[in-house]
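What follows is a single structure, written as structure tokens, with notes after it.
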Number of protein chains: 2
Amino acid sequence: METRELRYFVAVAEELHFGRAADRLGIAQPPLSRTIAQLEHRLGVALLTRTSRKVSLTNAGAALLDEGRAILGAVAAAERRARGAADDEPGLVLAAKAGGSGELLAKLLDAYAAEPGAVPVEVLLVESRVHAPLLDGRADVALMHQPYDPTTGLDVEVLRTEGQVAVMPSSHPLAGAAQLRLADVSSLPELARWPEPDGGYPDGSGVEVRNLTQLFQMVSLGRAVAVLPEIARTALLEGMTAVPVVDAERVSTVIAWPPHSRSRAVADLVRVATGFAEVS
Amino acid sequence: METRELRYFVAVAEELHFGRAADRLGIAQPPLSRTIAQLEHRLGVALLTRTSRKVSLTNAGAALLDEGRAILGAVAAAERRARGAADDEPGLVLAAKAGGSGELLAKLLDAYAAEPGAVPVEVLLVESRVHAPLLDGRADVALMHQPYDPTTGLDVEVLRTEGQVAVMPSSHPLAGAAQLRLADVSSLPELARWPEPDGGYPDGSGVEVRNLTQLFQMVSLGRAVAVLPEIARTALLEGMTAVPVVDAERVSTVIAWPPHSRSRAVADLVRVATGFAEVS
DNA sequence: GGCAGCGATACCCGGCCGGTATGGATACCG
DNA sequence: CGGTATCCATACCGGCCGGGTATCGCTGCC
């Protein structure tokens, strides 16, 4: 199976339309049809069922779509990393969620910079989907949060685990409580909504926010409530209160890297991170 | 980058010899040289340094070799799984180390079989390198042991963690001890040697064994000593003694599966495994 | 200095990838 | 109910590229 075939198949499987897929690939439709047919023939299984009006995936097709996407990502990552490794380990790229664990990040960078043999670390701040830059090779390491960020296909080490707090305006009826349960909060109409992995928002009446700055502004305006890791306490603004949510799932801050990364620098960074996470 | 190019590059990088690599690939040497040169040109980096007497890897080449092997494995796995998914989820293949955690395995199979919607489970017993069948698609799930088996690039759940014991002939001078430290055992000349991941054996004077049956036989013959997870106690033969090694690293039995495996059956099996591991 | 080994280069051929034109099936519409 | 638009498959053709053989150039080594 060649990556060309895989690219073509993924395009068709995503569009479920040969014409549009061919368009997206920048080729004509007939060669695309032919290539898919050849692929199916060589695999010995049908990947798509097509009537002349509708294309849909078979089981085998669905499986191949999943794996194919991962493979194409890995190929892109391999190319990028091979190019990057050419100029003698020029530095690391660390991805982190903007506004995430700022203090931990700062400590990590400082501690690593003090290591003998440390290389320059570039920080790549992303709004969401922190794992994406790891999978396509734009970053070498990432700080992520379980269970929020998918860590599938990555190697991880847990750095810190913490409970969660409900962050709300100090004027909120629940702000006086010593502690809350998830049920108290989850049904609130002003519960802020975060983007799903696909970029859309879940249903609900709360405001839609994309990052912590927006959220905090909304909370301080009295228009939102959210459940966040305890560390968010350190960033509270005027007029905001945090109340522990005792039965909320515990959140782990993890450091993650792609498997098969034998880079000395990544190994050092992970060691430093896990090392000082224990004493702090 | 096409998988053909990657296959060719990996062959050359492993052989460090264009002629032998071409032979292994079943093609002539000139097209191979040309393909590698094209790949380097497109990537914009040198992957190999060749004098007319010696071929060696550059940094970029070493990086690409690692990732390339993983990608080729993933491609093979994708093909196999696509073929497998064709006949409507015919069953699961579970890989486990032969003689490993037999009792846990039996309980797992029983518990899963009792689940509603359970599919037939085929057990693939392997001598070593349990992760290999997962990576190339021959198995869907595996029981592995951390830190012995590499779990890089896999998703895992820990099932059980246990200490280790030194297994030795009852006649051994240390057999009377209530407990031992690693230092007491690691320097023994009769310490059995296991294959490394590459199939070779480490240096030492102890016997070379390939599986538990061989090892136990050697121990009962008075010719070997080994450090094993506690569970090995249940399988001791006549004339063998197990003594706890208090400072040995704790060993975790984990259930592992390839990332991006959305199969219902795998999810069920993992749930069952983690569920009863807690109560047992 | 001759020779053996190895990778690079030169050149040719055939297959395959991509293009255009067209066919056949199906849903939709007047 | 026939016409039409849409969409995938088929037929056919041309150019590129992947693979082959022959050979060159370089480098250790006896």
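Okay, here's what the table says:
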{"quantity": "Interface burial for A against B (accessible surface, 1.4 Å probe, total of both chains, Å², rounded to 100)", "calculated": "3300 Å²"}
{"quantity": "Probe 1.4 Å - accessible area at A:ARG50, Å² to nearest ten", "calculated": "100 Å²"}
{"quantity": "Alpha carbon Rg of the stretch B:164-245, scaled by the compact-globule rule 2.2 N^0.38 Å", "calculated": "1.01"}
{"quantity": "Contact order relative to length of the stretch B:1-149, as percent, for alpha carbon pairs under 8 angstrom and 6 or more apart", "calculated": "21 percent"}
{"quantity": "Across the identical copies, how the A:SER186 labels are spaced - nm, sorted shortest first, 7 Å along Cα→Cβ", "calculated": "4.8"}
{"quantity": "Long-range HN-HN contacts of B:GLY153 with modeled amide H, under 5 Å", "calculated": "A:ASP155"}
{"quantity": "5 angstrom amide H check on A:THR241, placed H, neighbours 5+ away", "calculated": "A:MET168, A:SER170"}
{"quantity": "Under-5 Å amide H pairs with A:ARG210, H placed in peptide plane, nonlocal only", "calculated": "A:LEU215"}
{"quantity": "Simple label model, 7 Å out from Cα along Cβ direction - B:SER187 to B:GLN214, nm", "calculated": "2.8 nm"}
{"quantity": "Antiparallel DSSP beta bridges within the protein assembly as shown, as percent of all bridges there, nearest 5", "calculated": "70 percent"}
{"quantity": "Accessible-area value, A:TRP257, 1.4 Å probe, nucleic acids and ligands omitted, Å²", "calculated": "40 Å²"}
{"quantity": "Percent of beta bridges antiparallel (DSSP, chain A, rounded to nearest 5)", "calculated": "70 percent"}
{"quantity": "Mean accessible surface per residue for the stretch A:3-84, computed with a 1.4 Å probe while every protein chain stays in place, in Å²", "calculated": "47 Å²"}
{"quantity": "Position A:LYS54, label points 7 Å along Cα→Cβ, spacing to each other copy in nm (shortest first, one decimal)", "calculated": "6.5"}
{"quantity": "Spatially proximal lysines relative to A:LYS107 (Cα-Cα < 23 Å; intrachain offsets below 8 disregarded)", "calculated": "A:LYS97"}
{"quantity": "Chain A - percent relative contact order, Cα under 8 Å, separation 6 or more", "calculated": "20 percent"}
{"quantity": "1.4 Å probe, heavy atoms, protein only - residues of the stretch B:229-272 losing at least 40 Å² accessible area vs chain alone", "calculated": "B:HIS260, B:ARG262"}
{"quantity": "Copy-to-copy label separations for A:VAL123, where each label sits 7 Å from Cα toward Cβ, in nm and ascending", "calculated": "5.2"}
{"quantity": "Average accessible surface area per residue within the stretch B:136-186, 1.4 Å rolling probe, Å²", "calculated": "43 Å²"}
{"quantity": "The protein assembly as shown, accessible surface, carbon-and-sulfur percent (1.4 angstrom probe)", "calculated": "52 percent"}
{"quantity": "Residues in the stretch A:1-28 occluded by at least 40 Å² - accessible area, probe radius 1.4 Å, against chain by itself", "calculated": "A:MET1, A:GLU2, A:THR3"}
{"quantity": "Accessible surface of A:ILE231 - all protein chains present, 1.4 Å probe, nearest 10 Å²", "calculated": "40 Å²"}
{"quantity": "Within a Gaussian network of chain A (alpha carbon springs, distance under 10 Å), most fluctuating of A:ARG42, A:ARG223, A:ARG20", "calculated": "A:ARG42"}
{"quantity": "The stretch A:122-137 - phi-based ³J(HN,Hα) in whole Hz, Karplus 6.51/-1.76/1.60, Gly and Pro as x", "calculated": "9, 9, 10, 8, 10, 7, 7, 6, 4, 6, 4, x, 5, 6, 9, x"}
{"quantity": "Per-residue mean of C-beta atoms belonging to partner chains within 10 Å, peptide B:52-65", "calculated": "3"}
{"quantity": "Kyte-Doolittle at least 0.0, axis length at least 15 Å by Cα - qualifying DSSP helices, chain A", "calculated": "A:59-86, A:102-113, A:264-279"}
{"quantity": "At R0 = 45 Å, FRET efficiency that the Cβ-Cβ distance of B:ALA114 and A:ARG53 yields, to 0.05", "calculated": "0.55"}
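The values are calculated or read from the model by the stated rules, or taken from the named source; none is laboratory data. Since the model is a prediction, treat every value here as computed from it, not as a measurement. Heads up, the Cβs are rebuilt from the backbone with ideal geometry, glycines too, and the neighbour counts pull from every protein chain shown. Accessible surface areas use protein heavy atoms only, side chains included; no ligands, DNA or RNA. Shrake-Rupley method; radii C 1.70, N 1.55, O 1.52, S 1.80 Å.
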